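J.: Pasting a structure below so you can have a look.
The values are calculated or read from the model by the stated rules, or taken from the named source; none is laboratory data. Keep in mind that what you see is a predicted model, and the values were worked out from it rather than measured. Cβ atoms come from the backbone with ideal geometry, glycine included; neighbour counts cover every protein chain shown. Surface accessibility is based on the protein's heavy atoms, side chains included, excluding ligands, DNA and RNA. Shrake-Rupley method; radii C 1.70, N 1.55, O 1.52, S 1.80 Å.
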Amino acid sequence: MMLIPAHIRTEFDRIEQLEEPLALLGPIGAVREWLRESELRAIREASDQGESLSRIGDALGTDKQNIHQKLRSTRKARGITGPEFDGVISRTLRFWLWWWSQPERSPSGAEEKGRDPAAEAAKVRAELEARDAAGLLRTPIDPVRDPRRRKS
């Protein structure tokens, strides 16, 4: 069973409430990114469990070459500081850093589930810094700027 994270449910709510097309782009992008990562994770897990690329492609309505390409993209995003970051793209790490860095986060919060926001932000920052040192980031690390908003 796949659980939809609270922050994604919030983005769905924003999509339902907003009417201005430009304002919709931020929440739509966040949901799209989460769905993309969820799909890639499911593809990787199905492949790791022995499913053929053809069967995975059939389930997605595409061909095995497309699935092979998607698998290659997930294998590239290896966590440098820990396996919990395997398959997580840098854009998502930037969002996590921003989210954990928000002043309203606390270990007693419903979404935090007892985790210390400062410690979580430090782990994500360490992964981003390791990727930056390895030359894998194109833009600087900025925990203050909401990564869902594009530069204008």
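J.: Would you please name the residue that is farthest from residue 84 (Cα to Cα), looking only at residues in the range 124-135 that are among the aliphatic types (A, V, I, L, M) and under 16 Å from the mean Cα position of the chain (by Cα)?
T.: 128
J.: Could you say which residue among 30, 46 is in contact (Cβ under 8 Å) with a residue 40 or more places away in the chain and surrounded by 13 or more Cβ atoms within 10 Å (Cβ to Cβ)?
T.: Of 30, 46, the one residue that is in contact (Cβ under 8 Å) with a residue 40 or more places away in the chain and surrounded by 13 or more Cβ atoms within 10 Å (Cβ to Cβ) is 30.
J.: Just the residues that are more than 21 Å from residue 104 (Cα to Cα) and open to solvent by less than 80 Å² (accessible area, probe 1.4 Å), please, taken from the range 5-22.
T.: If the condition is that a residue be more than 21 Å from residue 104 (Cα to Cα) and open to solvent by less than 80 Å² (accessible area, probe 1.4 Å), then 15, 18 are the ones that fit.
J.: Restricting to the range 46-104, what's the tally of residues that are farther than 19 Å from residue 120 by Cα and part of a helix (DSSP H, G or I)? Talk me through it step by step, then tell me what you get.
T.: Residues of the range 46-104 that are farther than 19 Å from residue 120 by Cα, as a first pass: 46-77.
Among the residues that remain, those that are also part of a helix (DSSP H, G or I) are: 46-48, 53-60, 64-76.
Here the count works out to 24.
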